[in-house]
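Undergrad: Quick one: the structure is below, and I'll ask about it shortly.
The values are calculated or read from the model by the stated rules, or taken from the named source; none is laboratory data. From a predicted model like this one, the values you see are computed outputs, not experimental measurements. FYI the Cβ positions are ideal-geometry reconstructions off the backbone, even for glycines, and counts take in every protein chain you see.
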Amino acid sequence: MRQTRSKTELERSAAGDLWRHTLAQIPSLFGRLVYLASLRDPNTGRYEHHGLAQLFGEEAADEALRHSHATTFQQWLGFSLEQQKADLDLYLASLNTDKRTLLDTWLRLAPYRSLVPASARDVERKLYLADLETLLELLKNEYDVVGPDPDA
(Lines give C-alpha, C1' and ligand atoms only; values in the text may rest on other atoms or scores of the structure.)
Protein backbone atom coordinates (compact mmCIF):
# COMPACT_ATOMS: atom_id res chain seq x y z
CA MET A 1 0.00 0.00 0.00
CA ARG A 2 1.40 3.38 -1.01
CA GLN A 3 1.57 6.08 1.64
CA THR A 4 0.42 9.61 0.90
CA ARG A 5 3.12 12.24 1.42
CA SER A 6 2.59 15.83 2.44
CA LYS A 7 3.55 18.63 0.07
CA THR A 8 6.55 19.48 2.28
CA GLU A 9 7.81 15.90 2.13
CA LEU A 10 7.44 15.88 -1.66
CA GLU A 11 9.32 19.18 -2.00
CA ARG A 12 12.11 17.92 0.23
CA SER A 13 12.24 14.74 -1.78
CA ALA A 14 12.32 16.70 -5.03
CA ALA A 15 15.07 18.94 -3.67
CA GLY A 16 17.01 15.91 -2.41
CA ASP A 17 16.65 14.15 -5.74
CA LEU A 18 17.74 17.31 -7.57
CA TRP A 19 20.83 17.56 -5.38
CA ARG A 20 21.79 13.88 -5.52
CA HIS A 21 21.26 13.31 -9.21
CA THR A 22 22.08 16.66 -10.75
CA LEU A 23 23.54 19.49 -8.70
CA ALA A 24 26.14 17.34 -6.92
CA GLN A 25 27.50 16.43 -10.36
CA ILE A 26 28.25 20.07 -11.22
CA PRO A 27 31.61 20.90 -9.63
CA SER A 28 31.32 24.70 -9.52
CA LEU A 29 28.75 26.80 -7.72
CA PHE A 30 28.64 29.15 -10.70
CA GLY A 31 27.91 26.17 -12.95
CA ARG A 32 24.98 25.24 -10.71
CA LEU A 33 23.74 28.82 -10.93
CA VAL A 34 23.91 28.69 -14.73
CA TYR A 35 22.14 25.32 -14.81
CA LEU A 36 19.33 26.34 -12.45
CA ALA A 37 18.73 29.65 -14.23
CA SER A 38 18.49 27.76 -17.53
CA LEU A 39 15.50 25.82 -16.16
CA ARG A 40 13.49 29.00 -15.56
CA ASP A 41 11.02 29.90 -18.29
CA PRO A 42 11.78 33.56 -19.13
CA ASN A 43 8.12 34.23 -19.95
CA THR A 44 6.50 32.79 -16.84
CA GLY A 45 9.29 32.62 -14.27
CA ARG A 46 8.37 28.98 -13.59
CA TYR A 47 11.09 26.37 -13.35
CA GLU A 48 10.69 23.31 -15.54
CA HIS A 49 12.47 20.00 -15.25
CA HIS A 50 10.70 17.13 -16.98
CA GLY A 51 12.27 14.30 -14.96
CA LEU A 52 11.71 15.97 -11.61
CA ALA A 53 8.13 16.88 -12.57
CA GLN A 54 7.46 13.28 -13.63
CA LEU A 55 8.60 12.00 -10.24
CA PHE A 56 7.25 14.66 -7.90
CA GLY A 57 4.78 16.80 -9.86
CA GLU A 58 5.20 20.18 -11.52
CA GLU A 59 4.58 22.24 -8.37
CA ALA A 60 7.10 20.32 -6.26
CA ALA A 61 9.65 20.46 -9.09
CA ASP A 62 9.15 24.20 -9.52
CA GLU A 63 9.49 24.79 -5.76
CA ALA A 64 12.61 22.62 -5.45
CA LEU A 65 14.28 24.37 -8.40
CA ARG A 66 13.24 27.84 -7.21
CA HIS A 67 14.59 27.15 -3.73
CA SER A 68 17.81 25.60 -5.06
CA HIS A 69 18.38 28.58 -7.34
CA ALA A 70 17.92 31.06 -4.49
CA THR A 71 20.14 29.01 -2.16
CA THR A 72 22.88 28.66 -4.75
CA PHE A 73 22.75 32.39 -5.43
CA GLN A 74 23.04 33.12 -1.70
CA GLN A 75 26.03 30.78 -1.44
CA TRP A 76 27.73 32.58 -4.35
CA LEU A 77 27.15 35.95 -2.67
CA GLY A 78 28.66 34.54 0.53
CA PHE A 79 31.93 33.75 -1.23
CA SER A 80 34.81 36.20 -1.01
CA LEU A 81 35.91 37.71 -4.32
CA GLU A 82 38.88 35.32 -4.27
CA GLN A 83 36.57 32.31 -3.82
CA GLN A 84 34.29 33.58 -6.57
CA LYS A 85 37.28 33.91 -8.91
CA ALA A 86 38.43 30.34 -8.17
CA ASP A 87 34.90 29.01 -8.67
CA LEU A 88 34.43 30.96 -11.91
CA ASP A 89 37.81 29.64 -13.15
CA LEU A 90 36.59 26.11 -12.38
CA TYR A 91 33.39 26.76 -14.33
CA LEU A 92 35.26 28.23 -17.30
CA ALA A 93 37.67 25.28 -17.32
CA SER A 94 34.70 22.92 -17.70
CA LEU A 95 33.56 24.60 -20.92
CA ASN A 96 34.85 23.54 -24.30
CA THR A 97 34.97 27.12 -25.52
CA ASP A 98 37.82 29.48 -26.26
CA LYS A 99 38.09 31.66 -23.14
CA ARG A 100 38.82 34.83 -25.10
CA THR A 101 35.71 34.34 -27.25
CA LEU A 102 33.61 33.54 -24.20
CA LEU A 103 34.80 36.60 -22.28
CA ASP A 104 34.31 38.85 -25.29
CA THR A 105 30.74 37.55 -25.61
CA TRP A 106 30.04 37.98 -21.90
CA LEU A 107 31.36 41.55 -22.04
CA ARG A 108 29.17 42.34 -25.06
CA LEU A 109 25.94 40.51 -24.17
CA ALA A 110 26.14 40.16 -20.37
CA PRO A 111 24.30 36.79 -20.25
CA TYR A 112 25.31 36.46 -16.58
CA ARG A 113 22.63 39.05 -15.73
CA SER A 114 19.93 36.42 -16.32
CA LEU A 115 21.34 34.15 -13.60
CA VAL A 116 19.84 36.18 -10.73
CA PRO A 117 16.80 34.50 -9.15
CA ALA A 118 13.58 36.52 -9.14
CA SER A 119 13.52 36.40 -5.34
CA ALA A 120 16.82 38.30 -5.06
CA ARG A 121 16.62 41.68 -3.41
CA ASP A 122 17.90 44.72 -5.28
CA VAL A 123 20.97 45.00 -3.04
CA GLU A 124 21.83 41.33 -3.70
CA ARG A 125 21.42 41.81 -7.44
CA LYS A 126 23.71 44.85 -7.34
CA LEU A 127 26.33 43.01 -5.28
CA TYR A 128 26.26 40.04 -7.64
CA LEU A 129 26.67 42.26 -10.70
CA ALA A 130 29.44 44.34 -9.11
CA ASP A 131 31.35 41.21 -8.10
CA LEU A 132 30.91 39.54 -11.48
CA GLU A 133 31.91 42.65 -13.41
CA THR A 134 35.03 42.93 -11.24
CA LEU A 135 35.84 39.29 -11.98
CA LEU A 136 35.30 39.87 -15.69
CA GLU A 137 37.75 42.77 -15.61
CA LEU A 138 40.32 40.48 -13.96
CA LEU A 139 39.69 37.74 -16.52
CA LYS A 140 39.74 40.25 -19.36
CA ASN A 141 43.25 41.24 -18.35
CA GLU A 142 44.29 37.64 -17.68
CA TYR A 143 43.20 36.49 -21.16
CA ASP A 144 44.14 39.74 -22.90
CA VAL A 145 40.63 40.43 -24.15
CA VAL A 146 40.06 43.91 -25.50
CA GLY A 147 36.30 43.95 -24.83
CA PRO A 148 33.61 46.03 -26.46
CA ASP A 149 34.10 49.68 -27.29
CA PRO A 150 31.97 51.60 -24.74
CA ASP A 151 31.43 54.40 -27.30
CA ALA A 152 30.23 52.05 -30.04
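Undergrad: Give the range 111-126 a look and list any residue that's among the aliphatic types (A, V, I, L, M) and surrounded by fewer than 14 Cβ atoms within 10 Å (Cβ to Cβ), or say none.
TA: Here is the first cut: in the range 111-126, the ones among the aliphatic types (A, V, I, L, M) are 115-116, 118, 120, 123.
Those that are among the aliphatic types (A, V, I, L, M) and surrounded by fewer than 14 Cβ atoms within 10 Å (Cβ to Cβ): Ala118, Val123.
Undergrad: Pick out the one residue from Asp122, Asp41, Asp104, Asp89 that is on the phi < 0 side of the Ramachandran plot and either at pLDDT below 95 or of a type in the set (Lys, Arg) (or both).
TA: Exactly one of Asp122, Asp41, Asp104, Asp89 is on the phi < 0 side of the Ramachandran plot and either at pLDDT below 95 or of a type in the set (Lys, Arg) (or both), namely Asp104.
Undergrad: Name, by its number, the condition in (1) in contact with a His (Cβ under 8 Å, 6 or more places away or on another chain); (2) in a helix (DSSP H, G or I) that does not hold for Asp104.
TA: Asp104 satisfies every listed condition except (1).
Rundown of residues vs (1) surrounded by 16 or more Cβ atoms within 10 Å (Cβ to Cβ); (2) among the basic types (Lys, Arg); (3) in contact with a strand residue (DSSP E or B) (Cβ under 8 Å, 6 or more places away or on another chain); (4) closer than 15 Å to Ile26 by Cα, yes/no style:
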{"position": "His50", "(1), (2), (3), (4)": "no, no, no, no"}
{"position": "Ala53", "(1), (2), (3), (4)": "yes, no, no, no"}
{"position": "His67", "(1), (2), (3), (4)": "yes, no, no, no"}
{"position": "Ala70", "(1), (2), (3), (4)": "yes, no, no, no"}
{"position": "Gly78", "(1), (2), (3), (4)": "no, no, no, no"}
{"position": "Leu90", "(1), (2), (3), (4)": "no, no, no, yes"}
{"position": "Asp98", "(1), (2), (3), (4)": "no, no, no, no"}
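Undergrad: Additional query: Taking Leu136 as the residue in question, decide whether it is of a type in the set (A, V, I, L, M, F, W, C), in contact with a helix residue (DSSP H, G or I) (Cβ under 9 Å, 6 or more places away or on another chain) and touching a residue at least 24 places away in the same chain (Cβ under 8 Å).
TA: yes
Undergrad: Could I ask something else about it? Does Thr101 meet the test of being within 24 Å of Leu39 (Cβ to Cβ) and more than 14 Å from the chain's Cα centre (by Cα)?
TA: no
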